[in-house]
Amino acid sequence: MSPDFWTAVFSGLTLVVFGLTAIVGIIQLRHLRVANSLTGLVTILQDWQKPEMQSWVSYVRNELRERLKDVSYLDNIAKPGPVLRSEHPEFHICDYYEQVGSYVKYGMIDREAYLDVGCVPIVAMWEVLWPLIDVMRKKRKTERVYENFEYLAVISRQFIEKYPNGTYPRTLPRWRQLKKSESSST
């Protein structure tokens, strides 16, 4: 066999090795991306459970609606200058969701996984906080104020509309069904 033949064989084998290496590299990158996304999701869910965060959530859910009825409260937010978080803890929630919205928008956290666990509270928080955000947008004359939070609220709403009964697998029985079949068999 001629040297040209062996050169062609080894060139072909080299090409196959490079191709396989590229495929393995792509698979590893996908696994790394999933691992990073999972780490980010776990961190965000842990942040949500922190006592300070839960106190802000409780404030928004239980007290803010009444405060929004007070015109002077909204006027205070509309004043020039920054809004003090010590006087307005509700903006901590806005800040949190602004950051999370950015992570989701840029694929740093898996969108479907996060929405599966977070869509309902996101929409609930947005609906309560929207009047404040609207005042802030008018004050600053820009729609950019909390736009990532808005993005998160919109995709959450769409997720809820897409899965009105949740994302529980249709082929898997519900606990109620299992208990019902147990009691009927005895």
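The values are calculated or read from the model by the stated rules, or taken from the named source; none is laboratory data. Computed from a predicted structure; not experimentally measured. A quick note on method: Cβ atoms are made from the backbone with ideal geometry, for glycine too, and the neighbour counts reach across all protein chains shown. All accessible areas refer to the heavy atoms of the entire protein, side chains included, with ligands and DNA or RNA removed. Shrake-Rupley method; radii C 1.70, N 1.55, O 1.52, S 1.80 Å.
A search for C-beta distances below 9 Å between a residue of region 77-89 that is of a type in the set (A, V, I, L, M, F, W, C) and any residue that is in a loop (DSSP other than H, G, I, E, B), counting only pairs 6+ apart in sequence or on different chains, returns I77/V83; I77/H88. If you go through region 73-80 one residue at a time, do you hit one that is touching a Cys at 6+ places or on another chain (Cβ under 9 Å) and of a type in the set (S, T, Y)? No. With respect to the conditions (1) under 20 Å from V57 (Cβ atoms); (2) at pLDDT 95 or above; (3) surrounded by fewer than 11 Cβ atoms within 10 Å (Cβ to Cβ), S86 lacks only one, and its number is (2).
Scanning region 117-135 for residues that are open to solvent by less than 60 Å² (accessible area, probe 1.4 Å), closer than 26 Å to T43 by Cα and not hydrophobic (A, V, I, L, M, F, W, C) gives G118, P121. May I ask you to verify whether R174 is without any contact (Cβ under 8 Å) to a residue 60 or more places away in the chain, out of contact with any helix residue (DSSP H, G or I) (no Cβ under 9 Å at 6 or more places or on another chain) and surrounded by fewer than 13 Cβ atoms within 10 Å (Cβ to Cβ)? Considered against the rule, which asks whether it is without any contact (Cβ under 8 Å) to a residue 60 or more places away in the chain, out of contact with any helix residue (DSSP H, G or I) (no Cβ under 9 Å at 6 or more places or on another chain) and surrounded by fewer than 13 Cβ atoms within 10 Å (Cβ to Cβ), R174 comes out as yes. Evaluating K79 against the criteria (1) under 23 Å from E147 (Cβ atoms); (2) open to solvent by less than 50 Å² (accessible area, probe 1.4 Å); (3) at pLDDT below 95 leaves one unmet condition, (2). Only one of the numbered conditions (1) closer than 25 Å to N76 by Cβ; (2) more than 18 Å from the chain's Cα centre (by Cα); (3) open to solvent by less than 80 Å² (accessible area, probe 1.4 Å); (4) free of Cβ contacts under 8 Å to residues at least 60 places away in the same chain is violated by N148, and that is (2). Checked against (1) open to solvent by 60 Å² or more (accessible area, probe 1.4 Å); (2) free of Cβ contacts under 8 Å to residues at least 60 places away in the same chain, K138 passes all but condition (2).
Does region 155-166 include one or more residues that are farther than 19 Å from S55 by Cα, modelled with pLDDT under 95 and touching a helix residue (DSSP H, G or I) at 6+ places or on another chain (Cβ under 8 Å)? There is no residue in region 155-166 that is farther than 19 Å from S55 by Cα, modelled with pLDDT under 95 and touching a helix residue (DSSP H, G or I) at 6+ places or on another chain (Cβ under 8 Å).
Would you confirm, using the coordinates I've provided, whether Y114 is on the phi > 0 side of the Ramachandran plot, at pLDDT 90 or above, surrounded by 15 or more Cβ atoms within 10 Å (Cβ to Cβ) and within 18 Å of the chain's Cα centre (by Cα)? Break it down stepwise before answering.
Values: on the phi > 0 side of the Ramachandran plot: no; at pLDDT 90 or above: yes; surrounded by 15 or more Cβ atoms within 10 Å (Cβ to Cβ): yes; within 18 Å of the chain's Cα centre (by Cα): yes.
The answer is no for Y114.
Scan region 95-111 for residues that are surrounded by fewer than 22 Cβ atoms within 10 Å (Cβ to Cβ) and under 17 Å from R144 (Cβ atoms) and the total you get is 6. The condition of being touching a helix residue (DSSP H, G or I) at 6+ places or on another chain (Cβ under 6 Å) and farther than 25 Å from G166 by Cβ holds for only one of E87, E98, that being E98.
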